[in-house]
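To start, the structure under review is shown below, and the notes come after it.
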Amino acid sequence: MAKSTPRKPVSEEARPFPHNGYWKKKCRGRLIYLGKIADDPDGARAWEEWLRIGEDLRAGIDASKQTAGITLGALVNDFLNSKRELVESGERSERTLTELVRVGKQLTKVLGKTRPAADIGPDDFAKVRRAITKRCGSVRTANEIQRIKSMFKWGYENGKIPHLPRYGDFKKPSAKTTRLERAAKGERLFTRDEVLDLLRLANVHQRAFVLLGLNAGLGQADIATLPKQAIKGEWLAYPRPKTGVLRRAWLWPETVEAVAASMEASGPAEDPADDGLAFRTSNGGRWIVMYKGTPDDRLSEQFRSLLRRAKLNDRGLSFYRLRHLHRTLTDECLDWPAANTVMGHADASMAGQYREKVSDQRVKRVCEFVRAWLYDPAIEGTGGAPFMG
């Protein structure tokens, strides 16, 4: 048997080389980042770091899992795995995980998976922010910045990185910027006639979804994950997964009829775990499914198709605008606790802490108010007369 060639000691190896602003070494087919050249002009610290970790790396021990050297890709993966566990335990919604997966992919795409997470600084975050603002408005930009910061905060609190990064100008857009952006876009609400046109053109599933969006303020994820047991005759009642707040809504006769028809048109569940869902596609699948970490939102696709048929696809409207319309209308009732109950919004005020319940009568009144707006031609505008009783 041939004798193996003795491994050359780490101290005799070539020193780290400069590349794209970093000191690097190649080991077992991959590049190892050893710090920024700007912080270590002569490479002395990079060489010391290589002497510290080189032997382990050559032996196949993954230094990316060590606190000081975890890569950005490993940090994002560990963070997402922790959130998946919370989804499985029911403490987080699938929609939240979906957004985090998408943001994690964008972050590693811009900065690279093999970057040491602890070395990421202001210049890097400025690059990430530019990438976000190119494709997102101010509200979404603020949300994505918050999600990215939560990843690093989690990494620090769980011992993955030794310190929180310096973010520099990696900040949310100002409230003024958001207000100006919204003003430029103008009001984005469906009119009564537009909603009636959508209902006239809708198929059996689309009709149920439009009515649930306006009647009860449900969004796409709410509908896609709605359990059958949440529907009890003319009432919808269940804890909203996102907040854990018990939401209740009185369902209009038109909504009850449409919901029953959509449930009957749902195919047998492809996955036995989905048998308890109120709504499935005609083929028995979920209306929103995850594919390689990316959501396949079939419900929104169906709604965009409906918007095209109604010639409303050029106004920046989406399914979630029905939820916006619902809240805009119910605020005219001046019964905000009842409106919050339908929306599933938590009331963090002192009054909310003392309030033990909101009566079914009050909840029904705000839902009836929206129905009157839609079906009573005597009520003009988006609100009609405020509800005072």
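General remarks:
- Compactness ratio for the stretch 115-188: Cα radius of gyration over 2.2 N^0.38 Å (N = residue count) comes to 1.28.
- For the pair residue 275 and residue 166, the difference between a 0.36 nm per residue extended length and the Cα-Cα distance amounts to 34.5 nm.
- Listed by chain and number, the aspartates and glutamates whose C-alpha is less than 12 Å from the C-alpha of residue 311, apart from same-chain residues fewer than 8 away, are 194, 197.
- Radius ratio Rg over Rh of the stretch 301-349, counting only Cα atoms, Kirkwood formula for Rh: 1.14
- Taking 323, 188, 95 in turn, the Gaussian network model of the chain (Cα-Cα springs below 10 Å) assigns the largest fluctuation to 188.
- Share of carbon and sulfur in the accessible heavy-atom surface of the stretch 259-365 [1.4 Å probe, %]: 49
- Note on semi-axes √(5λ) of the Cα gyration tensor in Å: of the candidates [x] 31, 25, 20; [y] 44, 29, 14; [z] 52, 23, 19, the value calculated from this structure sits at [z].
- The C-alpha radius of gyration of the stretch 88-152, expressed as a fraction of 2.2 N^0.38 Å, stands at 1.17.
- The angle between the Cα long axis of helix 175-185 and the longest principal axis of the Cα atoms of the chain comes to about 50 degrees, rounded to the nearest 10.
- Per-residue ellipticity at 222 nm, computed for the chain from helices alone with -39500 (n - 2.57) per DSSP H run of at least four residues, works out to -15000 deg cm²/dmol.
- Accessible area (Å², per residue) of the stretch 188-334, counting only protein heavy atoms and a probe of 1.4 Å: 44
- Springs join every pair of Cα atoms under 10 Å in this Gaussian network model of the chain, and among 202, 46, 278 the largest mean-square fluctuation is at 46.
- Take the Cα of residue 261, go 7 Å toward its beta carbon, and the backbone nitrogen atoms of the stretch 202-227 under 19 Å from that spot belong to 202-216.
- Just checking the listed ones, 196, 75, 212: in the Gaussian network model of the chain with Cα springs under 10 Å, the one fluctuating most is 196.
- Length gained when the stretch residue 309-residue 359 is fully extended (0.36 nm per residue, less Cα-Cα span): 14.0 nm
- Degrees between helix 192-201 axis and first principal axis of the chain (Cα, 0 to 90, nearest 10): 80
- Put a plus charge on the Cβ of each Lys and Arg, a minus charge on the Cβ of each Asp and Glu, and nothing anywhere else: the dipole of the stretch 251-379 about its Cα centre is then about 460 debye.
- The candidates 375, 156, arranged from most to least accessible area with a 1.4 Å probe in the full protein assembly, appear as 156, 375.
- Exposure rank, largest accessible area first [17, 170; 1.4 Å]: 17, 170
- Cα-based helix-to-principal-axis angle, 360-375 vs the chain, degrees rounded to 10: 80
- Accessible-area value, residue 266, 1.4 Å probe, nucleic acids and ligands omitted, Å²: 20
- Straight-line cross-link partners of residue 364 among the aspartates and glutamates, defined as a Cα under 16 Å from its Cα and at least 8 positions apart when in the same chain: 234, 254, 331, 332, 335.
- Relative contact order (%) - the chain, alpha-carbon pairs under 8 angstrom, separation at least six: 13
- Whole-number accessible area per residue in Å² for the stretch 93-171, which is evaluated in the context of all protein chains at 1.4 Å: 51
- Spin-label pair residue 143/residue 58, simplified geometry with 7 Å Cα→Cβ offset, distance in nm: 5.0
- Cross-link pairs 25/127; 83/127; 109/134; 26/127; 83/105 - those with Cα-Cα distance over 18 Å: 25/127; 83/127; 26/127
- Where Rh is the Kirkwood radius over Cα pairs, Rg/Rh for the stretch 171-258: 1.08
The values are calculated or read from the model by the stated rules, or taken from the named source; none is laboratory data. Here the structure is a predicted model, which means the values were calculated and not measured. Glycine gets a Cβ as well: all are built from the backbone with ideal geometry, and neighbour counts include every protein chain shown. Quick note on the areas: whole protein, heavy atoms, side chains included, nothing else; ligands and nucleic acids left out. Shrake-Rupley method; radii C 1.70, N 1.55, O 1.52, S 1.80 Å.
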